[in-house]
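Here's the structure we're looking at; comments come further down.
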Amino acid sequence: MALSALAVIILVSTVVFFAYVVVPNEKTTLKIYCAASLLFPLERAGDAFEVAHPDINVEIEGHGSIQVIRQVTELGNKADLLFVADYSLIPLMMYNSTDPVSNQTFADWYARFASNKIVLAYTNSSKYANELNLTNWFSILQRSGVVFGFPNPTIDSLGYRALMTMQLAENYYGNNTIFYDLVTRNFDPPISSIPSEGNYTIFVPEVQQPKGSNVILRASSVQLIPLLETGSIDYCFLYLSNARQYGLRYVEFPDEFDLGNAQYKNLYESVTVSFEHQRFESVGLDRLGETIYYGFTIPNNAVNKDLAVDFAKFLLVGQGRDIFESSWQPVFVPSYTDNRQAIPSALQDFVTQESI
C-alpha cells in the first residue's frame, strides 16, 4: 500500500511538472497596424521589445496608410498602435469617426515622429540603368520596354505622393509634359492633372487601371520591391529609407520635388490630389502636397493601452529608437503633436505642441 501511494504521488507530481513546463503562460499580444514602409524597422523593434518583455507578443501588420486606418475605423479591427506614413490622415479619418460600441471617436491626438523623401529606385538589372541620371530619369521611364511602378494612390500615401512628385518635376525641369507622358496616357480612365493659376489638381478616378504594360500599381510601397528585385519592373518610386534598407540603387531627387524638405512647403502645396471616390466623400480625403511626416496614435478603443504606451516610449527614447536610426529611419525627439494634453502622461515629456 505504501508503495502504491508513493507511485501515485510521483505520477501526480510528474503530470503537474509537465503541465507547468509544456503549457506556457499565455502571452499578451500587442497589435500594431503600420504603413508598409515601416515594416523593416518596426519588425526589428518588435523583436527587441519581445526580448525585453518575454510575456509580450508583438504582432505587426503592414498596409498602405489609408488602409491602416480603415482597419480600425471601417473594418472593425482592434489595434493598440497605428503607424502611418502621412500623419495628417489620423485627424482626418479618426477624429470625426465614432466607434459604434464605445461611442468615442477613434482618436484625438497624433505624434509626428519621423520624415522621409521620395527617390526613384532601381537595380543593376534595370533597363538603361547605366544611362540613368538626374537629368534623364523621366525620359528613360518613357522608353519602350521600360516598366515602372508606384503604389495605388487610393490605398498608400506613397501612391499619391508619387503623383505629386511627377507633377512638381515639371516646374523643376521646365517640361510641362512629364506628368502626361508618365501618368495620364498610361491609365484608362486617365489620371489627369489640371493647372489653375500656378497650382495643379490631380484627379484620381474611381478605378485606377494601367493601360498597356508600362506602369504597375501595387497596394503598398514594399510590394514593389520584390518586383524590382526579380526584374518584373525596372524602376519604382520609393521612400529613401526603404531603398537603403533593401540595398537598392536610386536617384535622389532635388528638394523641390522629393517632398522631404520643409523649406519647400509652399511649393509642395501647389499640388492637390483629388479622389473621385464615393467611399472618400464622407471624410474629404483630397490630399494637399506636404512635407513627408510619419505619425502614430493609440486608438481610443485599443485593448492594451498601457502596453502601447510602453512600446511608443521604447520607440521614442529606448532601444527602438536606435533600431530606427540604424535602419535609416531617424526618429524626432521631441516628436510633435496637435493635442499634448490628450497624449498619455508617460509620453508627454517626449512630445511638443505641433509647429510645422
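Taken together, the values in this text are just the output of simple stated rules run on the coordinates, not laboratory data. For clarity, every value in this text was computed on a predicted model and none was experimentally measured. No Cβ is skipped: glycine too gets one built from the backbone with ideal geometry, and neighbour counts run over all protein chains shown.
Let me have the 222 nm mean residue ellipticity of the chain computed from DSSP H runs of 4+ only, each contributing -39500 (n - 2.57), with the sum over all residues rounded to the nearest 500.
Only helices count here, giving -9500 deg cm²/dmol.
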Checklist entry - Treating the beta-carbon of each Lys and Arg as +1 and of each Asp and Glu as -1, no other charges, what is the dipole magnitude of the chain about its Cα centre, to the nearest 20 debye? => result 460
Item to check | For the range 98-103, Karplus couplings with θ = phi - 60° (6.51, -1.76, 1.60), whole Hz, Gly/Pro x | outcome: 10, 5, x, 7, 8, 6
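Just tell me, in residue order, which DSSP H segments of the chain are both 27 angstrom or longer along the helix axis (alpha-carbon based) and at least -0.5 in mean Kyte-Doolittle hydropathy.
On the way: long enough: 2-22 (30 Å, 2.61).
Qualifying helices: 2-22.
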Checklist outcome for this item: Spelling it out for Phe83: with amide H atoms placed in the peptide plane at 1.01 Å from N, the residues 5 or more places away or on another chain with amide H under 5 Å from its amide H are Tyr33, Cys34, Ala35
Checklist entry - Taking +1 at the Cβ of each Lys and Arg and -1 at the Cβ of each Asp and Glu, which of Val333, Ser221, Leu158 sits farthest along the dipole of the chain towards its positive end, judged by Cα position relative to the Cα centre? => result Ser221
Next on the checklist: Just want the ordering: Trp109, Trp137, from fewest to most Cβ atoms lying within 10 Å of their own Cβ.
Outcome noted: Trp137, Trp109
Checklist outcome for this item: Phi-derived 3J(HN,Hα) across the range 252-257 with the Karplus relation (6.51, -1.76, 1.60, θ = phi - 60°), rounded Hz, x for Gly and Pro, is 8, 6, x, 4, 4, 9
Checklist entry - According to the square roots a ≥ b ≥ c of the eigenvalues of the Cα gyration tensor, what is the shape class of the range 232-330, taking rounded for a/c under 1.5, prolate for a/b larger than b/c otherwise, and oblate for the remainder? => result oblate
Checklist entry - For the residues Ser213, Ser221, Ser335, what sequence is obtained by ranking on other C-beta atoms within 10 Å, fewest first? => result Ser213, Ser335, Ser221
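Have a look at the DSSP beta bridges in the chain and tell me what percent are antiparallel, nearest 5.
Numbers: 28 of 53 bridges.
Close to 55 percent.
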Checklist outcome for this item: Placing +1 on each Lys and Arg Cβ and -1 on each Asp and Glu Cβ in the range 56-120, then taking the dipole about the Cα centre, the residue among Thr98, Tyr87, Gln71 whose Cα reaches farthest towards the positive end is Tyr87
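Using the number of other C-beta atoms within 10 angstrom as an exposure proxy, rank Tyr122, Tyr180, Tyr200 with the fewest first.
Values: Tyr122 25, Tyr180 15, Tyr200 20.
Neighbour counts put them in this order, fewest first: Tyr180, Tyr200, Tyr122.
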